[in-house]
């Protein structure tokens, strides 16, 4: 059995990230979303400094984990899936028709992107886990961020769970850090690459494709 493993930020989401889109969602819906608890949460999260999105997760400290999971469901359904280009969705359909195991392996917070599993009809979604204590997020990570060689380790674990051969599979990524996973699969595909990954792809002969960013 083979699989198709997709990076999310910058790949299935060209030019943006799940966390950035979550903050935009909060800005747009914070005063309208119900129930009251979610509205209050979104009204609070709009004050997150965007410069902190990539570097740390301290802004999630103290947030109720169940509330964030509930909010993420609405966010993914109403906003995040609409930022995935039609080209990417057709590619997912092609792999599904071929009988491949399908999933996302991303550095984005697991809680924010978990609903994509059902919304995109995937077999798995792997993201960075956020530490939780007594039902509230601590602002720290639970383990390593899913990036670089850690993305390979997580993919190998998923392969054992779902019974596919990672070395015969396909992987899609956009960042230089994705080179570790791309080097492990039979069919690496570089999507909207940064400069260093584009240079490496040309050297390795890896195919490069461009997904156009959706604006709605």
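Throughout, read-outs are computed from the coordinates displayed, never taken from laboratory work. Please read all numbers here as calculations on a predicted model, not as lab measurements. No Cβ is skipped: glycine too gets one built from the backbone with ideal geometry, and neighbour counts run over all protein chains shown.
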Query raised in the report: To the nearest 0.05, what FRET efficiency results for residue 140 and residue 90 with a Förster distance of 22 Å applied to their C-beta separation?
Result: 0.05
Query raised in the report: Dividing the alpha-carbon radius of gyration of region 3-209 by 2.2 N^0.38 Å (N being the number of residues), what value is obtained?
Result: 1.02
Report task. List 178, 121 from most exposed to least, where exposure is judged by having the fewest other Cβ atoms within 10 Å. Result -> 121, 178
Report summary line: Most exposed to least, judged by fewest other Cβ atoms within 10 Å, 1, 65 sort to 1, 65
Report task. Work out, step by step, the length gained on full extension between residue 213 and residue 81: first 0.36 nm times the residue separation, then minus their alpha carbon distance; give nm to one decimal. Result -> 46.3 nm
Query raised in the report: What order do you get for 186-197, 128-139 when each peptide is scored by the mean count of other beta carbon atoms within 10 Å, highest first?
Result: 186-197, 128-139
**Report entry** Order of 184, 70 - criterion: other Cβ atoms within 10 Å of each residue's Cβ, fewest first
**Finding:** 70, 184
Query - Coarse-grained scattering of region 151-216 at q = 0.16, 0.25, 0.26 Å⁻¹, given as base-10 log I(q)/I(0) from a Debye sum over alpha-carbon atoms - result: -0.55, -1.01, -1.06
